[in-house]
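The values are calculated or read from the model by the stated rules, or taken from the named source; none is laboratory data. Model, not experiment: these values are computed from the prediction. Side chains are part of the model used for accessible areas, which takes the heavy atoms of the whole protein and leaves out ligands, DNA and RNA. Shrake-Rupley method; radii C 1.70, N 1.55, O 1.52, S 1.80 Å.
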Amino acid sequence: MKYRLENLIDIEKFRKLMEEFYNISNIPYGLIDLEGNVVCGAGWQDICTKFHRVNPKSAKRCEESDASIKNRTKKLDLNKKYGFYKCKNGLIEGFIPIIVREKHIGTLCFGQFFFEKPDVEHFKKQAEEMGYDKEAYLKALSKVPVLDKEQVEGYMRYFVRLAEMLSDIGLQQFKLKDSEKLLLQYNKALEDLVADKTEKLEELSEKLQNDESQRKTIEENLKETNKRYEKLMEVLPGGIVIHKEGEIIFANSSFAKLLGEEDSEKFKGKSVFSFIHPDHYGKAKNRISRSKKGEPLSLREYKFVKVNGKVIEVDAISTSFPYDGETAILSVIRDISYRKQVEKLKQKVEEKMKLLKEVQEYDKIRTEFFANLSHEIRTPLNLIYSTLQLLEYDLKRVSNDLEKTKFNKRLGIIKQNCNRLLRLTNNILDMTKIDSGYFKLKFQNCNIVKIIEDITLSVAEFGQNNNIEIIFDTDVEEKIIALDTNAIERIMLNLLSNAVKFTGTGGKVLVKITTTDDTVIISVKDTGIGIPKERINTIFDRFTQVDKSFVRSHEGSGIGLSIVKALVDMHDGEISVESEYGKGSEFIVKLPARQIENENGELENCKSDKDYKDYMEVIDVEFSDIYAS
């Protein structure tokens, strides 16, 4: 049997569901049948609706791309069950085939979008080739979203499961409609058959009055007819029961199995109401009474009680017919428990979609709040910092050494606290960017040994001022790996500031690099206060602090290490900590020793060239939450 999308899916409900998904994800979609016809869709870009699908030449490319989906699904990875392709007009689309009984009946397409910024020059040439208004065409191109591939694949995996579930639900509904239609046909055939046989029996009855031998022949024929009736009822898939005045006089094997019994003969003589749930007695009696009067009745749902006491949901239809001079009722009953489970599953899916939307809205509000808060702090902070620089300039013209010393001390306090606020603001902004997926790394092939050594030596002067010895050691002089220099700088300065912060006067901080063929291991070890055992597992959690007292000798928001872990993770690395309370801590960062190539297949070499002054400005900010001794 050939299935069509319209038979399996409620197109209107599916359209509303996918429009909500588009409003959340900004990913356009289209539902396409095997002939390439668009059944429904939302969010199609102007570049398609106003250019590609309007111009005859480019529209032909669109039709060829739509038709190619059918062949692409044959080559699809069976584990993923979805794929991406670039249409002939240069846009990225994703597709999920809808499969019913191993047959491809349609495709759920997602697009149009890019995974990276488009080649504008290519599209300029395409505008000239097609005769488009170049300015309007490029404006439409700028509206096509550039999306993160992992995020899109997350959506695609979710909707693979939704597509499979919708196919199963639609197929079951289609089968149920066929079964209901077949059931009504059986019922009509039975009514016609009973009416026909009743008429013949009446004719035979008249003949019996005249011929006894003829009566016996008729009785034999009647017995054979009854056997055929019983055989017919036994092969029907639905449960069939015939009852008179509530007493069962016949039940087929399907009815027996429905109620958990093997032998249908055990039901003869029992009340039909003994298997109906007490809550449905009244409804059942009313419908049986109406059926005896010859009223046409439609399918109705009931609860039945099986012989083991389990309650099941069924639907039933009844009709009356003459039997031994009285009126008997024939009822056809079908188990609909599976259908009810499907309906509940569908309801759960709708609830989950609603919950997903609520969570995404909450996350959006939270992210915007932190971003706005950080900007609100940074604006007055920049004014204070600018004023501080002017005061430092004016101070150079003060000749009185005592006054100069006093002003230097006070300006130092102001500058340190400005740096503390700047550090907090930067951390909040970076945390917000990381959470929202906007924090991107720029990888280059750099000598990580030199970078770590320069940072460590820049911090060494700060350590000397606090009577803390900072030592650098390495087993190699050069190791070129792919990294983001700013991120590595951020990681090391945070780990070093924590080491200095929690190490007392006369202590030591050791930075050590060891390498293998595929890994670079960076260790930052101190002789400080250490970390309590119960806090080891939460040390990288956001807002976690080792020292929460009001008399600590340093400040901190508890954000730094969570950002450090995020930056290490974005390098595909690992970070761990070993500590003994009262003796010190060791933070260990492991980074993959790999290199990257640019689009031309050449190595992307390091372009960073920071000098000592650059490092000192960053150190002033990063070490600002440590009070001077």
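Listed here are the pairs 103/346; 352/565; 57/117; 13/346; which of them are more than 21 Å apart at the Cα?
Details: 103/346 23 Å; 352/565 31 Å; 57/117 25 Å; 13/346 12 Å.
Over 21 Å Cα-Cα: 103/346; 352/565; 57/117.
Using heavy-atom solvent-accessible surface (probe 1.4 Å) with all chains present, what is the largest-first order of 479, 310, 433?
From most accessible down to least: 310, 433, 479.
So which lysines can residue 292 reach, going by Cα to Cα under 21 Å and dropping same-chain residues fewer than 8 places off?
188, 197, 244, 268, 270, 283
What does the accessible area of residue 228 come to, in Å² to the nearest 10, when a probe of 1.4 Å is used?
My reading of the accessible area for residue 228 is about 130 Å².
For a quick check of understanding: with a 1.4 angstrom probe and all protein chains in place, what accessible area in square angstrom does residue 220 have, to the nearest ten?
100 Å²
Leaving ligands, DNA and RNA out of it, rank 570, 130 by accessible area with a 1.4 Å probe, largest first. All intermediate terms of the calculation are to be shown ahead of the outcome.
On the way: 570 60, 130 15 Å².
Result of the area sort, largest leading: 570, 130.
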